[in-house]
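Only one structure is covered here, and it is reproduced in the block below.
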Amino acid sequence: MSRTDTVSPTPPDDRTAIPAPPVAEGGWLRPSASAPAEARWGHPDGLQIGLHPLPGPRGLLRVYTPYLDHPRERLLNFIAIEPIPAGGRERGYSELEHSDLDDAPGKRFWSADGMSDAAEPADPLAPSRGLIGTADGVETLTVHVVSERFANGAAVAVRLRFRQDRPHEVGIATLALPGSVPLHACVITATMGNYARLRRLHLADGDVTPAGLWPGFSGTGFTEHGAFGLDRLPRNAAGEVEVSATTDEADPSSATYGDDVAEHWKYSGLRAVQTWIAADPDPEVRALVNARAAYWASSAAIPNGSAFENVELVEPFRQGREFRFRVEPAR
């Protein structure tokens, strides 16, 4: 059972209008029915996902967590889409590749209520409102986010699903589109752990840290990936894999920064636990992390040392496979 709403087209003479903010209705946050509108979905007081042209680079999902005492425009993390063709190991990069549609940095994303209307690029200022339905007797809000084709031939989309009983979580399922090359994997990676200065990855046999994995690391690049197989990944009571990352700072909002650190890197709000969840994990599932000692695109040192940047779960590709991303206030 589902219902949807039609988004009003944007009149040609109204393209310079300020996009309408999302509206809270029926327990959900959804784009306005009148374009131009911000592309932002989720829980009015819980986790929300947004798309460009909201602030930030193109080719990334924006993760908003207002319940961490964040202002409306403050995001906690980004999520990138990085497909790997079958027979290869090189990823496509939704954030870093240039668009074939306009040659600007970042792959273009657009929203759709279902895959039947997802083939052609849609106006980012006339986003789909999403479908309200039910799953396991719980009301849900579902929207699809489609990427333009990657340079490696991958054509993919993700399905975002919010549940009323999980206000701090979103399900993200990966889908190969018609005409895509076969896929080895379609990685969805949380890309901005440096903002929260995540330094503890909680595994079944104890925590690991950047300092322990890459002692003495410095410079302005990334470390190599640290990889952890199924035998090291924690399980919850339902048998699902749950891999969480946290900061090691008691109050990250009170850190002392160098003069060269940009304002957008300075953490505000409550401490949080960021978690990837995989039901029915594949035997080959791995948790992957890398780290940086300096903030992205700068030489500005991260206070108190290296922190994890990308945190992800990776499995062999399965059509419609869903991982869940959850952000809870730290206790």
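The values are calculated or read from the model by the stated rules, or taken from the named source; none is laboratory data. Here the structure is a predicted model, which is why all the values come from computation and not from measurement. Heads up, the Cβs are rebuilt from the backbone with ideal geometry, glycines too, and the neighbour counts pull from every protein chain shown.
Among the conditions (1) in contact with a strand residue (DSSP E or B) (Cβ under 9 Å, 6 or more places away or on another chain); (2) polar (S, T, N, Q); (3) farther than 26 Å from ASP45 by Cβ, GLN274 misses just one, which is (3). Of all the listed residues (THR140, THR189), the sole one being under 30 Å from ASP69 (Cα atoms) and in contact with a Lys or Arg (Cβ under 6 Å, 6 or more places away or on another chain) is THR140.
Could you please let me know if ARG129 is at pLDDT 95 or above, assigned to a strand (DSSP E or B) and over 20 Å from HIS98 (Cα atoms)? Answer is no for this residue. Among the residues of region 1-33, those identified as modelled with pLDDT of 95 or more and of a type in the set (Gly, Ala, Ser) are ALA20, ALA24, GLY26, GLY27, SER32, ALA33.
So that you can scan it fast, the table gives a plain yes or no per residue for (1) at pLDDT 95 or above; (2) small (Gly, Ala, Ser); (3) touching a Ser or Thr at 6+ places or on another chain (Cβ under 7 Å); (4) surrounded by fewer than 18 Cβ atoms within 10 Å (Cβ to Cβ):
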position	(1), (2), (3), (4)
ASP280	yes, no, no, yes
PRO283	yes, no, no, yes
ALA287	yes, yes, no, no
GLY305	yes, yes, no, yes
GLU315	yes, no, no, no
PHE323	yes, no, no, no
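Quick check: anything in region 144-164 without any contact (Cβ under 8 Å) to a residue 40 or more places away in the chain, in a strand (DSSP E or B) and under 27 Å from ARG91 (Cβ atoms)? Yes, that holds for at least one residue.
For region 273-320, the tally of residues that are outside any strand (DSSP E or B) and out of contact with any Cys (no Cβ under 8 Å at 6 or more places or on another chain) stands at 24. All conditions in (1) out of contact with any Lys or Arg (no Cβ under 9 Å at 6 or more places or on another chain); (2) loosely packed, with under 15 Cβ neighbours inside 10 Å; (3) in contact (Cβ under 8 Å) with a residue 12 or more places away in the chain hold for ARG91, with the sole exception of (2).
Filter region 224-245 down to the residues that are assigned to a strand (DSSP E or B) and not aliphatic (A, V, I, L, M), then identify the one that is nearest to GLU309 (Cα to Cα). Step by step, filter region 224-245, then rank; the result is GLY226.
Does TRP276 satisfy the criteria of being surrounded by fewer than 20 Cβ atoms within 10 Å (Cβ to Cβ) and either farther than 15 Å from GLU82 by Cα or touching a helix residue (DSSP H, G or I) at 6+ places or on another chain (Cβ under 8 Å) (or both)? No, not satisfied.
Conditions (1) buried (at least 22 other Cβ atoms within 10 Å of the Cβ); (2) touching a residue at least 40 places away in the same chain (Cβ under 8 Å); (3) not in a strand (DSSP E or B); (4) not hydrophobic (A, V, I, L, M, F, W, C), marked per residue:
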| residue | (1), (2), (3), (4) |
| --- | --- |
| LEU54 | no, no, yes, no |
| PRO57 | no, yes, yes, yes |
| GLU73 | no, no, yes, yes |
| GLY87 | no, yes, yes, yes |
| LEU96 | no, no, yes, no |
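Between ARG89, ARG108, ARG149, the distinction of being among the basic types (Lys, Arg) and under 30 Å from TYR267 (Cα atoms) belongs to ARG108 only.
Within region 181-222, the residues that satisfy the criterion of being assigned to a loop (DSSP other than H, G, I, E, B) and without any contact (Cβ under 8 Å) to a residue 60 or more places away in the chain are ALA204, ASP205, THR209, PRO215, GLY216. Can you tell me how many residues in region 77-133 are of a type in the set (A, V, I, L, M, F, W, C) and over 19 Å from the mean Cα position of the chain (by Cα)? Counting residues in region 77-133 that are of a type in the set (A, V, I, L, M, F, W, C) and over 19 Å from the mean Cα position of the chain (by Cα) gives 11. Only one of the numbered conditions (1) touching a residue at least 60 places away in the same chain (Cβ under 8 Å); (2) within 29 Å of THR220 (Cβ to Cβ); (3) basic (Lys, Arg) is violated by ARG324, and that is (2).
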